[in-house]
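**Q** Here you go, one structure.
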Amino acid sequence: MKCPTCPHVCKRLPFRVPPRDHLADSATAGYDQKRELKQFDDTKARVKGLVNAGITAIPRFFHFPASSLTFRPATTARFSSIPIIDLSVPCPNTVELVSAATREWGFFQVINHGIPLDKISSVLFAVQAFNELPTETKSTYYTHDESLSVIFNTNFDLYESIAAFWRDTLRVVTTSMPPDTALKLEVCQEELLAWAEAAWGLAARLMELLSKGLGVAAGRLEELSYLEGRVLIAHYCLYCLQPELSSPQCHLLNLY
């Protein structure tokens, strides 16, 4: 299909990449988001495939409503920064800090957590290497089947969300490496498992601090199986030609 903004691209892609001013006339153009999502999904091209194709504008289904892109800064000095917990300080102090951050914020950042920098760098480079494999290799893992231990796609809720995130995502259940598939993850399996083990140790330590803050036995939260299910999610976020139209969450490399 021809597109006035990028005719060289649309000959290679099964859906139209709209011009920047498409919002004004999308209704009259008869835009069908579900159809274009299906066409995009069927190619298994992912965001990396779009970038490799040399698109000059991001597809309409990556555009978020303007209201969801508005940044709302903190209105008081009290909530001007995320709490940072130094895990190298004595335990009683750490328990108090973690408890306060959890009550007032619901989350916090930790430093001096004991995970070596080289292990963090190793898994980030490994995930990048996986995403830069040839399309035919990565397509082996492309699926939306949530029952599998290894899932690779653009968005797990591609057909339900108001817009797609400008990123590709690798999801791996690391409680035990995939018994449901004979596939071996190319280039990154060893690094992912090493990271999962290190992250599990840190999570167990934080669970202990949270338990003490609640006034229960140190291992209480872990006993409740809150650490039993372990899933690693790696978002591969590529350069976006129109960041003002896509979610700001997509402009970083994320590992959870």
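**Q** Check E186 against each of (1) at pLDDT below 90; (2) out of contact with any strand residue (DSSP E or B) (no Cβ under 9 Å at 6 or more places or on another chain); (3) not in a loop (DSSP other than H, G, I, E, B) and name the one condition it does not meet.
**A** (3)
**Q** May I ask you to list the residues in the stretch 133-151 that are in contact (Cβ under 8 Å) with a residue 40 or more places away in the chain and either basic (K, R) or crowded, with 16+ Cβ neighbours inside 10 Å (or both)?
**A** Result: L133, K138, S139, Y141, Y142.
**Q** Of the residues F71, F64, F15, which single one is within 20 Å of S246 (Cβ to Cβ) and at pLDDT 85 or above?
**A** Every option except F64 fails the conditions.
**Q** Considering only the stretch 190-235, state which residues are outside any helix (DSSP H, G or I) and touching a strand residue (DSSP E or B) at 6+ places or on another chain (Cβ under 9 Å).
**A** The answer is G229, R230, V231, L232, I233, A234, H235.
**Q** Within the stretch 54-69, which residues are surrounded by 18 or more Cβ atoms within 10 Å (Cβ to Cβ) and out of contact with any Asp or Glu (no Cβ under 8 Å at 6 or more places or on another chain)?
**A** I55, A57, I58, F62, H63, F64
**Q** Picking from G30, G54, which residue would you name as being modelled with pLDDT of 70 or more and under 23 Å from F165 (Cβ atoms)?
**A** The unique qualifying residue is G54.
**Q** Here's another thing I want to ask about it. Taking the stretch 87-122 as the region of interest, how many residues are among the small types (G, A, S) and either touching a residue at least 40 places away in the same chain (Cβ under 8 Å) or touching a strand residue (DSSP E or B) at 6+ places or on another chain (Cβ under 6 Å) (or both)?
**A** Counting residues in the stretch 87-122 that are among the small types (G, A, S) and either touching a residue at least 40 places away in the same chain (Cβ under 8 Å) or touching a strand residue (DSSP E or B) at 6+ places or on another chain (Cβ under 6 Å) (or both) gives 3.
**Q** Output the residue which, of all residues in the stretch 220-256 that are exposed (fewer than 13 other Cβ atoms within 10 Å of the Cβ) and either touching an Asp or Glu at 6+ places or on another chain (Cβ under 6 Å) or modelled with pLDDT of 85 or more (or both), is farthest from T56 (Cα to Cα).
**A** Among those that are exposed (fewer than 13 other Cβ atoms within 10 Å of the Cβ) and either touching an Asp or Glu at 6+ places or on another chain (Cβ under 6 Å) or modelled with pLDDT of 85 or more (or both), it is E244.
**Q** Could you check the stretch 128-153 and list, in sequence order, the residues that are in contact with an Asp or Glu (Cβ under 9 Å, 6 or more places away or on another chain), assigned to a loop (DSSP other than H, G, I, E, B), at pLDDT 90 or above and closer than 19 Å to C188 by Cβ?
**A** Result: L133, single match.
**Q** Looking at the stretch 99-111, can you tell me whether even one residue there is closer than 30 Å to L245 by Cβ, surrounded by 15 or more Cβ atoms within 10 Å (Cβ to Cβ) and out of contact with any Leu (no Cβ under 9 Å at 6 or more places or on another chain)?
**A** No, there is no match, as no residue in the stretch 99-111 is closer than 30 Å to L245 by Cβ, surrounded by 15 or more Cβ atoms within 10 Å (Cβ to Cβ) and out of contact with any Leu (no Cβ under 9 Å at 6 or more places or on another chain).
The values are calculated or read from the model by the stated rules, or taken from the named source; none is laboratory data. Bear in mind that the values here come from a model prediction, so they are computed numbers and not experimental data. Positions of Cβ are backbone-derived with ideal geometry, glycine not excepted, and every protein chain shown enters the neighbour counts.
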